Amino acid sequence: MSLFEKMKALVAFYEEVLSMPHRSEIARELRDQDDMFLFMLYSEMLGIPNPAYYYTLELYPYMMEQFHDWHLRMGMDKSPMTGFRCC
């Protein structure tokens, strides 16, 4: 094993040790960011004006799989959009 590979392994171990106690916080923050993105993506369908609606419209097919989990996390038992089935 070369010196470079040893240093790379040491840095990876160091980063792992530092992030270990904060894994749940990091996961929660990433989930909150995803929730905000999905809210902005679907805001036009929920009745909130979205100036970037035209650009976000093409993202809908990619985000459909995440929509069900999102609206359940937001406290909506059923899909808030008529004609838009996910449940």
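The values are calculated or read from the model by the stated rules, or taken from the named source; none is laboratory data. Bear in mind the structure is a predicted one, so any value in this text is a computation, not a measurement. Positions of Cβ are generated from backbone atoms using ideal geometry, with glycine treated the same way; all protein chains shown enter the neighbour counts. Accessible surface is based on the protein model in full, side chains and every heavy atom, while ligands, DNA and RNA are left aside. Shrake-Rupley method; radii C 1.70, N 1.55, O 1.52, S 1.80 Å.
Give the number of residues within region 1-45 that are more than 30 Å from Leu72 (Cβ to Cβ) and among the aromatic types (Phe, Trp, Tyr).
First pass over region 1-45, keeping only residues more than 30 Å from Leu72 (Cβ to Cβ): 1-18.
When the remaining residues are screened for being among the aromatic types (Phe, Trp, Tyr), the result is 4, 13-14.
The total comes to 3.
For residues in region 2-37 being in contact with a helix residue (DSSP H, G or I) (Cβ under 8 Å, 6 or more places away or on another chain) and modelled with pLDDT under 85, which is farthest from Tyr62 (Cα to Cα)?
Residue satisfying both the conditions and the ranking: Ser19.
To keep it simple, each residue is scored yes or no on (1) on the phi > 0 side of the Ramachandran plot; (2) out of contact with any Ser or Thr (no Cβ under 7 Å at 6 or more places or on another chain); (3) assigned to a helix (DSSP H, G or I); (4) among the aliphatic types (A, V, I, L, M).
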residue: Met36; (1), (2), (3), (4): no, yes, yes, yes
residue: Phe39; (1), (2), (3), (4): no, yes, yes, no
residue: Pro51; (1), (2), (3), (4): no, yes, no, no
residue: Tyr62; (1), (2), (3), (4): no, yes, yes, no
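For region 1-24, name all the residues that are assigned to a helix (DSSP H, G or I) and among the polar types (S, T, N, Q). Can you show your working first?
Here is the first cut: in region 1-24, the ones assigned to a helix (DSSP H, G or I) are 3-24.
Result: Ser19, Ser24.
Which one is nearest to Trp70 (Cα to Cα) among residues in region 17-57 that are open to solvent by less than 80 Å² (accessible area, probe 1.4 Å) and of a type in the set (Asp, Glu)?
So, considering only residues that are open to solvent by less than 80 Å² (accessible area, probe 1.4 Å) and of a type in the set (Asp, Glu), the one nearest to Trp70 (Cα to Cα) is Asp35.
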